[in-house]
Structures are given as C-alpha cells and as structure tokens.
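Notes follow the structure.
The values are calculated or read from the model by the stated rules, or taken from the named source; none is laboratory data. These numbers were taken from a predicted model, which means no experiment stands behind them. Ideal geometry is used to build each Cβ from the backbone, glycine not excepted, and the neighbour counts take in all protein chains shown. Accessible surface areas use protein heavy atoms only, side chains included; no ligands, DNA or RNA. Shrake-Rupley method; radii C 1.70, N 1.55, O 1.52, S 1.80 Å.
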Amino acid sequence: MTRIRTERVDHHLTGQGFANAAASPVDVEGLDTVLWDQFPESVAVCATDGSCLYANPSMERAFGGPRAELLGRSLWELYPQVVREQLQARFQRVAAAGEPEAFEWHFASEDRWFVLRLFRGHGRVYVFSRENTAEKKQEAILRGLYDETRRAQRHAAFLAQASEVMTSSLEHDEILQRLTSLAVPPLADGCSVDVPLPDGSVRRVAMAHVRPELVERTRAYHERYPIRMDDAHGVGKVLRTGATEFVAELRPEALAQGIADEARRRATQELGLTAYIIVPLMSRGQVLGALSLVNTEGGRRYTQADVRLAEDLARRAATSLDNGRLYTEAQEAVRARDSFLSVASHELNTPLTSLTLNVQALRRQLESPRASPGDVASESVSNKVMAVQRQLSRLSSLVRELLDVSRITAGKLRLEREELDLAALTRELVPRYAEELSRAGCLLRLEAPGPATGSWDRLRVEQVLQNLLSNAIKYGRGHPIEVSVGADAERAWLSVRDEGVGIALEAQPRLFHRFERLASERHYGGLGLGLWIVRQIVDAMGGRILVRSAPGQGSTFTVELPRLPPE
C-alpha cells in the first residue's frame, strides 16, 4: 500500500502539489495518520462523495463523540444546520475542480467563529477546521476602537465648527438658526430649537430640515397642537425637567399608544418621525431652551454616542446664548446708565435752576435801595420762599432716591420695625399732598375706615405711600385719585388708583426695573427709580406689590404687607 510521507503532508498543507498530483485511489488505512493525530486543528479525510474516512482526535473532541460515530457519514451532516448547505457546495466544488477553498462560519447560538479549509489530493478531500473566536473578538474590539476614534474625530471637528459658527454672533435668534442649519444633515434629517416664555407658553425660534416642505408642515402641526410645558413627553418635558429624552426607534404602535386623539395621531404619522433626541440648553442651572434632532427618512439610527454629541452641542449653544444674553444685558445697562445720567442731570438741574432764580430775585429785592423791612413780608417774597421750599424738597427727594439705590444695591437696606397703623399713617400723610394735588387738578378720595395694624418700618412705609401717590399724581394729572387701606387677619393692604394714561400689559413686567421709564422724560419727570425702590422695600418686609392697568384706563397699584414679620 502507498504511504504518504511526512514531507508530502507538509507540502499538502501549503495547498500546492496535491491538486496536480496523479491521484490513484488509496485506502485510508494506507495514510500515515500519526501527524494528523497530533494536529491541534480538527482534520477530516473524506472520499469525493463526502463520506468521512478519517477524523483526528481534535475533531473527535470538537464534535463530542467517538470517531467511530463520525466515520462513514457525510461530512456536512456532522456540522450544524446553519453551515451544512455552504459546506456541501464548497466540498463538491473542491472535489470536482481540485481548487482549494477556505471560508468562515459563525455559530451564532454560542457566538463562536470557525475557519474551514478544503484541499483535494490523491482522490480524497482533506478538511481542516479551526476555531478563531478569540481572533474575531479581538478584531471586533480593534474595529470598534477604530470606529470610535474616527467618530470622536468627526465629533470633535463638528463641535469645533459649531463653536466657531455660534460665536460669530451674539444675537439670540440668529445663534439658534445657525445651530439648526449646522446640524442638518450631519446629525439629523431635521433640527429645531424651542424656548420657554415667561407666560408658560413655548416658542419655536429656529427650524431646519433636509426636506424644506416638512418645515412648513411641522410649523402648521405645532400651530394646531402647540407644545405645552406640562406635556408628559417631548419638548415640554425636557424644558420642564432639564433632562434629555432619547428614542432610538419610534415604532408606529408606540406612537398609536402615546396619542389618543386619532386626528392628532394621523397628523403626527404624516411627519414621518422615526427617531429623535431632545436635549436641554442649560446654563448656570437654568433651562434656556430645548434642541431637537429628528430622523424622518428611516435610514439613520441614533446611539448613545449621538446623544453625547447632541448634549455637547447643546452645552456650547447654551454658553453662546448666555454670552449673548450677558452682552445684551451689558448693552442695556450701558444704555440705562447713559439715560439715567441724562435724566438725572435734567432732573437735578431743573429745581436748581428754579432755586437759583428765586434766590437771585430775593437777593435783588432785599438789596434794593428802595427796599424796606415791610417788603420782605410781601406776598411776592412769600411766594418765592414757598417755591424755594418746593425745589429744596424736590432736590431732597432726588438725593434720597439716589442714596436708596446705593444702600439697596449694597444690601444695606435695614428695617426698623414698630407697631404701626397703616390706616392712621395714610390719613396723616395724604393732606401733605394737598398743594401738589391742587396744581395737578386731581381730586383725591381716601377710604381708610378702620385700623390696619402691623409690624413695619414707619419711614419705609411712608416712602412707599409717597412714591405711589406721586406716581398717581404725575400720570393721572387732571383725573381723580383713589386711596384705600384695608386689612384682614393676616395682612394689610394699601391701594392707589388713578385714571391716567395707563400701562400696556406687555410693558408691566418692566415697571419695577431700575431706571425704567415707560413714558418720555419730556412729559413726565423722575429718575425711573420710584417703583423699583417701592418693590425693594415691600420685598424686604415680606410683602408684594400688584399692578392692574390698561392703556387709557388708568392704573391701580396695590401693596400687600404681612401683619407679622416673617420668621
């Protein structure tokens, strides 16, 4: 019988020589199987019809049965079902053509990988099988690291570009529009930014989409179904909680369960939403808005890496918005300062000019050679002295307001509390304004029937009443003014109502800002500090101030104070 020598076996393992050798049928017993028995790989020697003639110990261990059970059976029948068809096809090609083949197969149920190599020689087919699971897993790890590195590089480049784009402007809406345009299409099919408003509503300030028609369709959808801060999911929830919301795949059945209204569900489905990420725009603990990245084409799948990128982008956008807001506030502060200096110069100069003229007139009258002692008591001198007193009082009030601004800003507003009757104090102070009310043509009606006692600072309460009454006289000239005082078990209130020019609803939140003037200084005097000081005093005493007004219908300011100091 012919024996295959060791060097012939080594030559066979190179895949050369046997395919072209003159192969004559040789019985398997004629093989030198000592070498095959030592092989770490599984080795099977088969006839050209696929029947197994020999299996080495490694193959015996791999299949978990004695070799006697393997011999005589078709080779592909020994392998799992998932690889049989592929193995049979390749075996038959090798047996027929003599060209060696190799392929990998994955045993998915056990997550194992194998490499099979097939050769033909001497009328037989040799099949070598080796497990390469460790290599495949290492390859997967390296591929994952490579992909992660490439992804990190792309993300870093995108964020660098985003930072450059967003810092090129300090305008709020322009920053957000640039942000949405930048994100489409690299990060999403569509991108939008929504911001909360003081009245609790939500405004969409920027939106972009790869399909322009969906921008208008989405805008119409949100006009019909506006975003609400109390929504259980979506933008409203993110604005309310400041937490990211991420849906990797939005299935139609989940959408159907989440929206009960059939018309709204159908309108939502028409938007084609398949996945989304919504991240908050947060700066210094405040939610400035929500950035939404959505997919509508169905080809893109979001991952946690995309969520991290969206959050990084949102942080940069929030910082840019915050910088823009701080810049705007600084600009407004500069404008307010310049306006204040202009108004203050005018307000201080007016009584000084009048005071100077009156003093000069008095001096000329007193130094006149024809002056006599009786002239000093004349009516003209008395009028001038009264005018001097008014201007001195005006100057004193302006200086006191400036000092109060300094104290309040420095946190040095101190209260000297005492038991006080607000009704009695009001009845005492109102007559002092008789002359000013007369000049303004205002008739004042006071309603303070009973005691309204509490623990308050007398001088500061007087200041509150004086500022509110002066404000009513200034803006309600020629119209009646009503002052009322009341109390219940827990609080007391002071209300001053005029029938003057009134204040628009959108302007009312600015009433209590420092240096804020809602009317022209050409028609109404003042530094724009009175109501701000009132607000600071009332807040310090644990109370609150309310305003009710409309253009042309006058204004009502109501101060509520707790009767007992806060604990």
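What are the residues in the range 233-288 that are farther than 23 Å from I175 by Cα, open to solvent by 40 Å² or more (accessible area, probe 1.4 Å) and assigned to a strand (DSSP E or B), if any?
Scanning the range 233-288 gives a single hit, F246.
Take the residues in the range 32-41 that are part of a loop (DSSP other than H, G, I, E, B) and not acidic (D, E), then tell me which one is farthest from Y79 (Cα to Cα). It would help to see each step written out before you state the result.
Initially, the range 32-41 is screened for residues part of a loop (DSSP other than H, G, I, E, B), giving 32-33, 39-41.
Restricting the remaining residues to those that are not acidic (D, E) gives 33, 39-40.
Values: T33: 22, F39: 20, P40: 18 Å.
Only one residue fits best here, namely T33.
Give the range 414-446 a look and list any residue that's surrounded by 14 or more Cβ atoms within 10 Å (Cβ to Cβ), closer than 17 Å to M541 by Cα and among the acidic types (D, E), or say none.
Hit for the range 414-446 is D421, nothing else.
Mind listing whichever residues of the range 78-88 are over 10 Å from C52 (Cα atoms) and touching a helix residue (DSSP H, G or I) at 6+ places or on another chain (Cβ under 9 Å)? Explain how you work it out, then say what you get.
In the first step, residues of the range 78-88 are kept if they are over 10 Å from C52 (Cα atoms); the result is 79-88.
Selection gives Y79, P80, V82, V83, R84, E85, Q86, L87, Q88.
Looking at (1) closer than 30 Å to E139 by Cβ; (2) touching a helix residue (DSSP H, G or I) at 6+ places or on another chain (Cβ under 7 Å), which is the one condition that is false for G50?
(1)
Tell me which of these A68 doesn't satisfy, since it passes every other one: (1) under 10 Å from V125 (Cβ atoms); (2) surrounded by fewer than 15 Cβ atoms within 10 Å (Cβ to Cβ).
With (1) under 10 Å from V125 (Cβ atoms); (2) surrounded by fewer than 15 Cβ atoms within 10 Å (Cβ to Cβ) applied to A68, the lone miss is (1).
Tell me which of these T218 doesn't satisfy, since it passes every other one: (1) crowded, with 17+ Cβ neighbours inside 10 Å; (2) assigned to a helix (DSSP H, G or I); (3) without any contact (Cβ under 8 Å) to a residue 24 or more places away in the chain; (4) not hydrophobic (A, V, I, L, M, F, W, C).
T218 satisfies every listed condition except (3).
Quick check on T180: is it open to solvent by less than 50 Å² (accessible area, probe 1.4 Å) and closer than 30 Å to R112 by Cβ? Show your work before the answer.
On the way: open to solvent by less than 50 Å² (accessible area, probe 1.4 Å): yes; closer than 30 Å to R112 by Cβ: no.
Here the answer is no, as T180 does not meet what is asked.
Would you mind stating whether L35 is at pLDDT below 50 and under 23 Å from F114 (Cβ atoms)?
Details: at pLDDT below 50: no; under 23 Å from F114 (Cβ atoms): yes.
The answer is no for L35.
Residue check, Q463 against (1) of a type outside the set (D, E); (2) under 20 Å from L529 (Cα atoms); (3) assigned to a strand (DSSP E or B), all met but one. Which one?
(3)
Only one of these is of a type in the set (A, V, I, L, M), open to solvent by less than 60 Å² (accessible area, probe 1.4 Å) and without any contact (Cβ under 8 Å) to a residue 40 or more places away in the chain: A89, A134, A97. Name it. First the steps, then the outcome.
Values: A134 fails: open to solvent by less than 60 Å² (accessible area, probe 1.4 Å); A97 fails: open to solvent by less than 60 Å² (accessible area, probe 1.4 Å).
Result of the check over A89, A134, A97: A89.
State all residues of the range 289-298 that are more than 11 Å from A188 (Cβ to Cβ) and open to solvent by 20 Å² or more (accessible area, probe 1.4 Å); if no residue qualifies, say none.
Going through the range 289-298, the residues more than 11 Å from A188 (Cβ to Cβ) turn out to be 289-290, 298.
Scanning the range 289-298 gives a single hit, G298.
Suppose the filter is surrounded by fewer than 12 Cβ atoms within 10 Å (Cβ to Cβ) and either modelled with pLDDT of 90 or more or assigned to a helix (DSSP H, G or I) (or both); does A44 pass it?
no
Being open to solvent by 20 Å² or more (accessible area, probe 1.4 Å) and either modelled with pLDDT under 85 or of a type in the set (A, V, I, L, M) (or both) is the filter here, so list the residues in the range 493-507 that pass it.
Correct list: V501, I503, A504, L505, E506.
Looking at the range 60-85 only, could you name the residues that are under 18 Å from A108 (Cα atoms) and either in contact (Cβ under 8 Å) with a residue 60 or more places away in the chain or small (G, A, S) (or both)?
A62
Of the numbered conditions (1) without any contact (Cβ under 8 Å) to a residue 12 or more places away in the chain; (2) acidic (D, E); (3) touching a strand residue (DSSP E or B) at 6+ places or on another chain (Cβ under 9 Å), E253 fails exactly one; give the number of that condition.
The single condition E253 does not satisfy is (3).
Give me a count of the residues in the range 289-306 that are among the polar types (S, T, N, Q) and assigned to a helix (DSSP H, G or I). Spell out the reasoning first.
First pass over the range 289-306, keeping only residues among the polar types (S, T, N, Q): 292, 295-296, 303-304.
In the following step, the residues that additionally are assigned to a helix (DSSP H, G or I) were identified as 304.
Here the count works out to 1.
For the condition in contact with a helix residue (DSSP H, G or I) (Cβ under 7 Å, 6 or more places away or on another chain), surrounded by 14 or more Cβ atoms within 10 Å (Cβ to Cβ) and over 21 Å from T303 (Cβ atoms), what is the one hit in H122, H172, H155? Before you say what the answer is, go through the steps one by one.
Numbers: H122 fails: in contact with a helix residue (DSSP H, G or I) (Cβ under 7 Å, 6 or more places away or on another chain); H155 fails: over 21 Å from T303 (Cβ atoms).
One residue alone meets the criteria, H172.
In this structure, is Y146 touching a His at 6+ places or on another chain (Cβ under 8 Å) and hydroxyl-bearing (S, T, Y)?
Details: touching a His at 6+ places or on another chain (Cβ under 8 Å): no; hydroxyl-bearing (S, T, Y): yes.
Answer is no for this residue.
Hey, can you tell me all the residues within the range 451-470 that are among the small types (G, A, S) and open to solvent by 30 Å² or more (accessible area, probe 1.4 Å)? Show your work before the answer.
Residues of the range 451-470 that are among the small types (G, A, S), as a first pass: 452, 454-455, 470.
The answer is S470, and nothing else.
Between a first residue in the range 450-465 that is among the small types (G, A, S) and a second residue that is assigned to a loop (DSSP other than H, G, I, E, B) and surrounded by fewer than 19 Cβ atoms within 10 Å (Cβ to Cβ), which pairs have beta carbons less than 9 Å apart while being 6 or more apart in sequence or on different chains?
Filtered contacts from the range 450-465: A452/R563; G454/R563; G454/L564; G454/P565; S455/R563; S455/L564; S455/P565.
Give me the pairs: first residue in the range 472-490 and modelled with pLDDT of 90 or more, second residue in a strand (DSSP E or B) and among the aromatic types (F, W, Y), beta-carbon distance under 6 Å, and six or more apart or on different chains, which are they?
Within 6 Å, the pairs are G486/W493.
Which numbered condition in (1) open to solvent by less than 80 Å² (accessible area, probe 1.4 Å); (2) in a loop (DSSP other than H, G, I, E, B) is the only one that A208 fails?
Only one criterion is unmet by A208, namely (2).
Do any helices (runs of 4 or more DSSP H) lying entirely in the range 76-190 carry at least 2 residues that are closer than 30 Å to L271 by Cα, and which ones are they?
Working: elements: 81-97, 133-166, 172-183.
The qualifying helices (runs of 4 or more DSSP H) are 133-166, 172-183.
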